[in-house]
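See structure below.
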Amino acid sequence: AIELGLVASYTDTWSYTQQIADVPLSPFEIPEIITIGPEVTLSAGGDLTVDVEGSLLTGLQLNWDSINATLDLGNLNQSAFTASTPKLTPVFNVSGSVTVTADAYLELSIGFGIDVLDGKFKKQISVVEKPDLQITATASAAAGLGSNKTISGSVGDANCQGVEIDVGFINYVYADFAGVSQKNINTWNGPSTTKCIAISKRDRVPALPASP
């Protein structure tokens, strides 16, 4: 058998954060220039992660069911070789999956430190509460060459023949030490739900006709 396999994957993440408002609680403040002391800050942000995986297997399988050979050293004319007709079977299998994860969050922090130019330079020790809404969409598909030389495929798995959507809510409370390290205080996993967006048969790619 001669078969060639290929496996590939790709992952990337994009992040966005924007400070919405900050309220100084310190008497030492030059508005929009510098604040030293306690401060309440509200920010919003989000992340988008894409994870793609795929595999391809193609080649040929040689099946020789029966091979008989007789070698007569005394009389080579009596030597014989019989064999059934070899059978070549093409191999083709391809599969892939895509997972997209997106989340949107708010961050409310109460910290003590220094804030220069309204967040351009900010070093604080703070306690942060971060409610986070997370959405994950997963889709997979596979196709292969059958014994009748037609390509057939499937979408999803036994649990969801289509696109699976997971939605969940998590609330984080943690201590932030000047953006260098964090210490978890509490994590609350809120309600979550899973929904399958089925792909009907008429939306699937039809199998190729058998070769003559």
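The values are calculated or read from the model by the stated rules, or taken from the named source; none is laboratory data. All values reported here derive from a predicted model rather than from experimental measurement. Accessible surface is based on the protein model in full, side chains and every heavy atom, while ligands, DNA and RNA are left aside. Shrake-Rupley method; radii C 1.70, N 1.55, O 1.52, S 1.80 Å.
For region 87-205, which whole percent of the accessible surface, found with a 1.4 angstrom probe, sits on carbon and sulfur atoms? Spell out each step's value before the answer.
Details: 4530 of 7520 Å².
Looking at region 87-205 in its full context, I get 60 percent from C and S.
Working out 0.36 nm times the residue gap between ILE125 and THR13, then minus their Cα-Cα distance, what length gain in nm do you get to one decimal?
Computed gain between ILE125 and THR13 is 37.6 nm.
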